[in-house]
Amino acid sequence: DTGVSQNPRHKITKRGQNVTFRCDPISEHNRLYWYRQTLGQGPEFLTYFQNEAQLEKSRLLSDRFSAERPKGSFSTLEIQRTEQGDSAMYLCASSLGMRQGAGETQYFGPGTRLLVL
Amino acid sequence: AQKVTQAQTEISVVEKEDVTLDCVYETRDTTYYLFWYKQPPSGELVFLIRRNSFDEQNEISGRYSWNFQKSTSSFNFTITASQVVDSAVYFCALSFNDMRFGAGTRLTVKP
């Protein structure tokens, strides 16, 4: 399977704990995106990387959230001191983009569903 | 500001009916890209179509067709002769760098 993969698929944690999610993009894709999707809503943009550089962060990405893509391949999204409001599906997508504003197609992974108790 | 509105929250049809999903967008950019994605119950977003703002030609792919009208800022999606397997949530999205999604339309096709 050469699509975008995400691990774990499900995570249940207690409020106040830290969690980390991993995303492996399509191998030749240089751009990687994180989105959050709550029930009944469309995905909301969180952040994106071009290779290892984090180029844009949404206001939704509070200081408890941090994302990395250390070698320009896989990425991790960490949430510190989780809150019940963090419960959502976290989606990763990747694309092949050569310039800003190219609007290239993003291919999505299956998501990590987080439940904070 | 960029915004996508999908006014239809839920639609229910009987198999073989045609159904149109509406999408209206707002942007100040002259160059932009529009997308439709399908999210079946399994949860993974499946890419359906990408359109740039300079290409207003309608497109047909099998039972799917898309009507892009810049004059009304709409990018509507029609499924002809719907099937039960078309049941899913459909999202319209607008992109320059990051992608802005509408709230989605849940389509249920009953046998």
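The values are calculated or read from the model by the stated rules, or taken from the named source; none is laboratory data. Keep in mind that what you see is a predicted model, and the values were worked out from it rather than measured. Every residue, glycine as well, gets a Cβ built from its backbone with ideal geometry; the counts of neighbours run over all protein chains shown.
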Fill in: Filter result for B:Val89 (within 29 Å of A:Cys92 (Cβ to Cβ) and assigned to a helix (DSSP H, G or I))
no
Worksheet, complete the sentence: Flagged pairs (Cβ under 9 angstrom, 6 or more apart or on separate chains; first in the stretch A:1-23, at pLDDT below 95; second part of a strand (DSSP E or B)) are A:Gly3/A:Tyr107; A:Gly3/A:Phe108
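So that you can scan it fast, the table gives a plain yes or no per residue for (1) touching a strand residue (DSSP E or B) at 6+ places or on another chain (Cβ under 7 Å); (2) over 22 Å from A:Thr38 (Cα atoms); (3) not acidic (Asp, Glu):
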position: B:Tyr33; (1), (2), (3): yes, yes, yes
position: B:Gln39; (1), (2), (3): yes, no, yes
position: B:Arg51; (1), (2), (3): yes, yes, yes
position: B:Asp55; (1), (2), (3): no, yes, no
position: B:Phe68; (1), (2), (3): yes, yes, yes
position: B:Thr72; (1), (2), (3): no, yes, yes
position: B:Phe77; (1), (2), (3): yes, yes, yes
Worksheet item: When the stretch B:14-35 is examined, which residues are found to be β-branched (Val, Ile, Thr) and either outside any strand (DSSP E or B) or within 13 Å of B:Tyr90 (Cβ to Cβ) (or both)?
Response: B:Val19, B:Thr20, B:Thr27, B:Thr30, B:Thr31
Item to complete: Go through (1) surrounded by 15 or more Cβ atoms within 10 Å (Cβ to Cβ); (2) touching a helix residue (DSSP H, G or I) at 6+ places or on another chain (Cβ under 7 Å) one by one and return the number of the condition A:Ser75 breaks.
Response: (2)
Discussion item. Quick check on my filter: what residues within the stretch B:41-60 are under 17 Å from B:Leu107 (Cβ atoms) and either away from chain A (no Cβ under 11 Å) or loosely packed, with under 13 Cβ neighbours inside 10 Å (or both)?
Written reply: B:Pro41, B:Ser42
Worksheet, complete the sentence: Of the residues in the stretch B:2-27, those that are within 13 Å of another protein chain (Cβ to nearest Cβ), within 18 Å of B:Met99 (Cβ to Cβ) and either free of Cβ contacts under 8 Å to residues at least 24 places away in the same chain or not hydrophobic (A, V, I, L, M, F, W, C) (or both) number 6
Item to complete: Specify which of the listed residues (A:Arg59, A:Arg81, A:Arg36) is at pLDDT 95 or above and either at negative phi or acidic (Asp, Glu) (or both).
Response: A:Arg36
Discussion item. Against the condition at pLDDT 95 or above, out of contact with any helix residue (DSSP H, G or I) (no Cβ under 8 Å at 6 or more places or on another chain), small (Gly, Ala, Ser) and loosely packed, with under 14 Cβ neighbours inside 10 Å, how does B:Ala81 come out, does it pass?
Written reply: yes
Practice prompt. Return the residue satisfying two criteria in turn: it lies in the stretch B:61-111 and is more than 30 Å from A:Gln50 (Cβ to Cβ) and either among the charged types (D, E, K, R) or within 14 Å of chain A (Cβ to nearest Cβ) (or both), and of such residues it is farthest from the chain's Cα centre (by Cα).
Written response: B:Lys110
Item to complete: Scan the stretch A:1-25 residue by residue and report those that are more than 14 Å from the chain's Cα centre (by Cα) and more than 26 Å from A:Leu117 (Cβ to Cβ).
Response: A:Asp1, A:Thr2, A:Gly3
Discussion item. One residue is enough: does the stretch A:37-47 have a residue meeting the conditions part of a strand (DSSP E or B), free of Cβ contacts under 8 Å to residues at least 40 places away in the same chain, touching a strand residue (DSSP E or B) at 6+ places or on another chain (Cβ under 8 Å) and surrounded by fewer than 21 Cβ atoms within 10 Å (Cβ to Cβ)?
Written reply: yes
Worksheet entry | Looking only at the stretch A:72-117, and only at residues there that are β-branched (Val, Ile, Thr) and either outside any loop (DSSP other than H, G, I, E, B) or within 14 Å of chain B (Cβ to nearest Cβ) (or both), the one that is farthest from A:Asn51 (Cα to Cα) | A:Val116
